[in-house]
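Structure, as structure tokens:
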């Protein structure tokens, strides 16, 4: 039955249903085959990832407009890896009854690849009295969907110091439920540092600002015109470009340019033997000192330190 | 000039200023894999920008962090890019990647290797 078209189509429907409910944290196990159903699964996973990314992005950039709902997944395990406790949300997300979870070995919930990672990490974790780490894991739901997420895994001694326990948890974003009232509303409200956006952006403005973003990426070695001229060139005004860009990308036009130049420069410095002068030139820096200074400011040490 | 290199995820063959990158079977390409693939490609190229033929026929999954990395850091020192694909799965992957990411050099997908090479030659002369 596993991996037949019928089975896969059911999983695809299930995944689409979750997406319709606003749950973008599931994914499907890719098929090893090269057929139409496999290509649909691949496509669905990629679409889901893109939506998830844009949704989280909006969530941070325009938090006051986006109802976010946090879902916490938590497990308490004993040193053998047997589940002793799982919160209620976990059992509903995994479409498994609590009684089916408690007493089960955690590896039974993991995909094959994650099982290996877990077994290796678990041994390392238990060597120390207390340890705290992050492990990317894939959990399978009762319906065959996958939740891929980085888990915080903490290993600790119980109170009488006789047993070791493992706490693993993660938080997922969902769009399915609006802000609650009272405590939760306060906890989730982004305050102080975020102000209401200074400009309202139309679809056309957003397209224009994305155009500026793409133009910067494609011309990192060239200097940007003045913001005012750039705005004119794009058929908008300086105010809208300045605040709109910040609203969409969380940084100013010029900071973004420098950030992308440095990102490119770092990769070239690390993986090629091109001279720093050439790299500085390729990434639009006027001189080596200018390049080194900007690099050090961002990464903590000058580019020459990556070459030793 | 003939150089070759191999890592866990791909084989690199450099012939006549054209780089072939052949992805191996059964690997899920995540960010860590993408970083290794790009790092080794740049090492093989020794700082020279050149056309790249990417044989992705055996790939079954490239996740978003990896796709984003390929589109930014991963497109350095690439003059033109041809994907060698085997529909339908890798056709979907390459079409999706090209449809959602900004690529600043000539790029196209082919099922025929000779056509892919012809495209790369044409777009870099």
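A short reminder: the numbers here are calculations on the coordinates, not readings from a lab. Everything numeric here is computed off the predicted structure, so don't read it as measured data. Counting neighbours? That spans all protein chains shown, and the Cβs are built from the backbone with ideal geometry, glycine included.
What to note about this one:
- The protein assembly as shown: Rg to Rh, with Rh as the Kirkwood radius over Cα pairs: 0.99
- Within 10 Å of each Cβ in B:86-97, the average number of Cβ atoms from other chains: 5
- Cα centroid of region A:267-306 to Cα centroid of region A:111-160, whole Å: 39 Å
- Ellipticity estimate at 222 nm from DSSP helix runs (n ≥ 4, -39,500 (n - 2.57)) divided over chain A, nearest 500: -15000 deg cm²/dmol
- Peptide A:134-147 shows a mean partner chain C-beta count of 0 within 10 Å per residue C-beta.
- Counted over the protein assembly as shown, the DSSP beta bridges are approximately 75% antiparallel.
- Peptide B:68-80 has a mean of 3 when you count, residue by residue, the C-beta atoms of other protein chains within 10 Å of its C-beta.
- Cα gyration tensor, region B:40-125 - rounded (a/c under 1.5), prolate or oblate: oblate
- Highest-fluctuation residue, A:70, A:270, A:94 considered, GNM on chain A with Cα pairs under 10 Å: A:270
- Distance from region A:235-266 to region A:16-57 (C-alpha centre basis), Å: 30 Å
- Of all DSSP beta bridges in region B:4-119, antiparallel share, percent nearest 5: 40 percent
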